[in-house]
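Written out below as structure tokens is the structure these notes cover.
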Amino acid sequence: MSSSEKKQYTGAELVVQSLKDSGVKFVFGYPGGAVLDIYDAIYNQDDFEHILVRHEQAATHAADGYARSTGEVGTVLVTSGPGATNALTGIATAYMDSIPMVVISGQVPSSLIGYDAFQETDMIGCSRPIVKHSFLCKTTEQIPEMIAKAYHIAKTGRPGPVVIDIPKDLVNNTGLYDYEYPENIKMRSYNPTLKGNPRQIKKAIMAFTEAKRPVFYTGGGVIIANASDKLVEMAERINVPVTSTLMGLGAMSGTHKQFLGMLGMHGTLEANKAMANADCIVSFGARFDDRVTNNTSLFCPDATIIHIDIDPANISKTINADIPIVGSADDVLTQFLELMDRANLHHNAEAMDAWWETINGWRETKCLSYDSSGPQRKPQAAVDALYKATNGDAFVTSDVGQHQMFGALYYPYKRPRQWINSGGAGTMGFGVPAAMGVKLAYPDSDVICISGDGSVQMNIQELSTCLQYNIPIKIFILNNRSLGMVRQWQDMQYGGRHSHSYMDSMPDFVKLAEAYGHVGMYVRHDEDLNSKVAEAMAMKDRLVIVDIEIEEEEHVYPMQVKGGAVDDMWLAKGVKA
Amino acid sequence: MKHILTILMENEPGALSRVVGLFSQRGYNIDSINVAKTDDPTLSRLTICTSGDLATLEQITKQCHKLVDVLTVKNITHQEHIERELVLIKVNAADPETKDSVKRIADIFRAQIVDVHKECYTVQLAGQPGRISALVKTLQDETTIIEMVRSGAVGLLRGKKALVPKAY
């Protein structure tokens, strides 16, 4: 081919080339009729690696884990019909937590759309409420621009999943096309605001520097915006206490002296007390979710609320903001730091000393202490052991339930993107495939999944994927032989009637691990937890499932009292703060 | 409280379903909806009449604006605006007496009879929704309505103010 002759591409090759030029390194997927041509084009390339999962839901969670840990866009490829619908749970999970993801779904040929063809599902319609945007491809020529736009939309502004539905006839080998990847994406209808309004910035600084009892309340937006360093710099400069949502953990190190721990339903006493008593709350990239606020009518009545969010729709959605600022956490923190320097603004050091004295009083309650003396294992002790065995350095993914809360509370995360869990959607079955995505991105780091005996069975088939691609994650099952969080609510609100929260036909997880070609270990209550965990972590190149027997009766505390204020809390069974 | 939202969006397949879906997904009311392309065929203009308190309206506006296909959203209710609706009403007009009275009512309302059949008339009126409701009621009192269709309101701001795509 002479240099003047441009290379020509089939439709499927356009897809593959566009993915490559979008910077894709991994595609998580599962083939099927409608995407066979795309798979055929993938066969001939080595620009990205395709990971064949065992269920499309896991493809989305793995891409999600990859995206959360790296900040890059996760990529999924599934076929039409059931392939696409299986991906929906993972798309919803990414949507709720603002995770950048592109999902390419095959579709039946254009001529068959609307005819109830084999494996036809209206994927654009099915996914509409759970995507940031979606594209139905109409012509082959559109493919590069559509894919470029999808990646642009997925990762800019408030990130989120984007679906591209491509009918089979557009990617088969009948035609050849020119290829050009659009370098600059401009869309007249899509221009996210990044910088805060300078007047609002000034108002906010005046409010929180003059406040006597300010609190920083930070969320996943700080991590997504890569604003952690600036957050810590800002917080240290004015000596303000910082609390974080489940999604924001790690933005400020869990061991930082100004960090109060997580807030909300299972937050620490000091975090929730600080919120309730604050005269100024500065929220960065958090959305005053119901798992934080408890009863909104009782929420922090004395506080001036400064709400910084890239999504204007989040502001004043549940709690009215006194000083709203639309912008990215990173830009706004930069603006804060610059203006404080320029105007030589300082905080009220004397008032802050008094505020810290009050907070340290709440800290003395030691709300996370637990009784480790009994004969049964405590789940808290298991997470402690994981923390010690990994020096607090591991990437930790979790599923959903009690173990998730223990993982959030007892493993102080030291860096952003270290704690990977499904916060908004609360998707059981997230942990194992998400860990796969993280481990592929960081093969030299320890990646552990804290799971439960319920959750782990929701995507257990991925053990097979882990064997095929040698993904040596470590899975720790906090096994209480029941659906612990459901059981806890049944104990607290349904008179202890454990309706369908048992699992009395538990598989042998060790044999299960072995059946999939991995290593399985039990930790029974009379065995040494720390040494077993260390042994598992030492097997660097093997996937290990550690089935840790824990107490059935244990509840997650602290816990907000239903319908109360943010700091109305249970500290233990029958013990209110 | 009733509000008129006017939305400018990309004339793309599926764009309307995103707006409509958003309303049902978040539990907002749609009293009427009207959509068609504009002088620029790449743009569609939607008029949605909805109801809710101010906080709900603020959310509706923000959520609509968040849709990637949407360029601008404006609540025109509280500004000087023109609001119009079109109605077509097919009424029984079998006997000469009813024919006369339908004709008389149409004249009073400055409506037109746009289709004539030996047993029925079809009356057309464009105007403010209140005037249309009055016409419907008056015709109901006089004869029976066989069928009718209302377009839902469309609206524009008065004066020079306009919804136009921002330069980008």
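Just so it is clear, none of the values below were taken in a lab; they were calculated from the coordinates. In this text, all values refer to a predicted model and were calculated from it rather than measured experimentally. Heads up, the Cβs are rebuilt from the backbone with ideal geometry, glycines too, and the neighbour counts pull from every protein chain shown.
Placing a label point 7 Å from the Cα of A:ARG481 along the Cα-to-Cβ line, the residues of segment A:530-573 whose backbone N sits under 12 Å from it are A:549-553.
Taking every DSSP helix (H) stretch of at least 4 residues in chain B, weighting each as -39,500 (n - 2.57) and dividing the sum by the residue count yields a mean residue ellipticity at 222 nm of -9500 deg cm²/dmol. The simple spin-label model puts a point 7 Å past each Cα toward its Cβ; for A:ASP302 and A:LEU337 those points are separated by 3.2 nm.
The distance from the alpha carbon centre of segment A:1-44 to that of segment B:16-60 is 38 Å, rounded to a whole number.
Return the FRET efficiency for the residue pair A:LEU52, A:SER372: r is the Cβ-Cβ distance, R0 is 51 Å, and the value is rounded to the nearest 0.05. Step by step, r from the Cβ atoms, then E = 0.75. Shielding of peptide B:65-72 by partners, expressed as the average count of other chain Cβ atoms within 10 Å per residue Cβ, is 5. Residue order for A:TYR442, B:TYR28, fewest other beta carbons within 10 angstrom first, comes to A:TYR442, B:TYR28. Taking Cα atoms only, the orientation of helix A:329-342 departs from the longest principal axis of chain A by about 50 degrees. Once both labels are positioned 7 Å from their Cα atoms along Cα-to-Cβ, the gap between A:ASP508 and A:TYR43 label points is 4.1 nm. Placing a pseudo-label 7 Å from each Cα along the Cα-to-Cβ vector at B:ASP100 and A:GLN8 gives an inter-label distance of 7.9 nm. For the options B:HIS117, B:HIS65, B:HIS81, a Gaussian network treatment of chain B with springs between C-alpha atoms closer than 10 Å singles out B:HIS117 as fluctuating the most.
Sequentially through segment A:5-21, phi angles give Karplus couplings (6.51, -1.76, 1.60; θ = phi - 60°) of 7, 7, 5, 9, 10, 7, x, 5, 5, 4, 4, 5, 5, 5, 5, 4, 6 Hz, Gly and Pro residues having no value and appearing as x. When both bridge partners sit in the protein assembly as shown, DSSP labels roughly 45% of those beta bridges antiparallel. What separates the Cα centres of segment B:70-114 and segment A:496-533 is a distance of 72 Å. For B:LEU157 and A:LYS212, the FRET efficiency from 1/(1 + (r/R0)^6), where r spans their Cβ atoms and R0 equals 45 Å, is about 0.45. Calculated mean residue ellipticity, 222 nm, chain A: -10000 deg cm²/dmol, from DSSP H runs (n ≥ 4) at -39500 (n - 2.57) each, averaged per residue and rounded to 500.
Taken residue by residue and averaged, Cβ atoms of other chains lying within 10 Å of the Cβ of A:179-192 number 3. Relative to the first principal axis of the alpha-carbon coordinates of chain A, what is the inclination of helix A:56-70, with its axis defined by its Cα atoms, in degrees from 0 to 90 and to the nearest 10? With rounding to tens, the tilt is 60 degrees.
For chain A, the longest principal axis of the alpha carbon atoms and the long axis of helix A:143-155 meet at an angle near 0°. On full extension, the segment bounded by A:ARG188 and A:ASP290 gains 33.3 nm, given 0.36 nm per residue less the C-alpha separation.
Subtracting the Cα-Cα distance of A:ARG497 and A:TYR181 from their residue separation scaled by 0.36 nm leaves 107.8 nm. The Cα center of segment A:148-202 and the Cα center of segment A:430-448 differ in position by 27 Å. In a fully extended conformation the segment linking A:SER445 and A:LEU36 would gain 143.8 nm over its present Cα-Cα distance, using 0.36 nm per residue.
Here the 3J(HN,Hα) profile of segment A:241-253, calculated from phi with Karplus coefficients 6.51, -1.76 and 1.60 at θ = phi - 60°, is x, 10, 10, 9, 6, 4, 6, x, 4, x, 4, 10, 4 Hz, Gly and Pro shown as x. When the listed pairs A:LYS202/B:LYS74; A:LYS257/A:LYS573; A:LYS195/A:LYS257; A:LYS388/A:LYS474; A:LYS378/A:LYS532; A:LYS378/A:LYS573 are checked against a 19 Å cut-off, the alpha-carbon distance exceeds it for A:LYS202/B:LYS74; A:LYS257/A:LYS573; A:LYS195/A:LYS257.
Each peptide in A:318-331, B:136-149 was scored by the mean count of other Cβ atoms within 10 Å over its residues; highest first, the order is A:318-331, B:136-149. Arranged from fewest to most other beta-carbon atoms within 10 Å of their beta carbon, B:LEU125, A:LEU249 become B:LEU125, A:LEU249.
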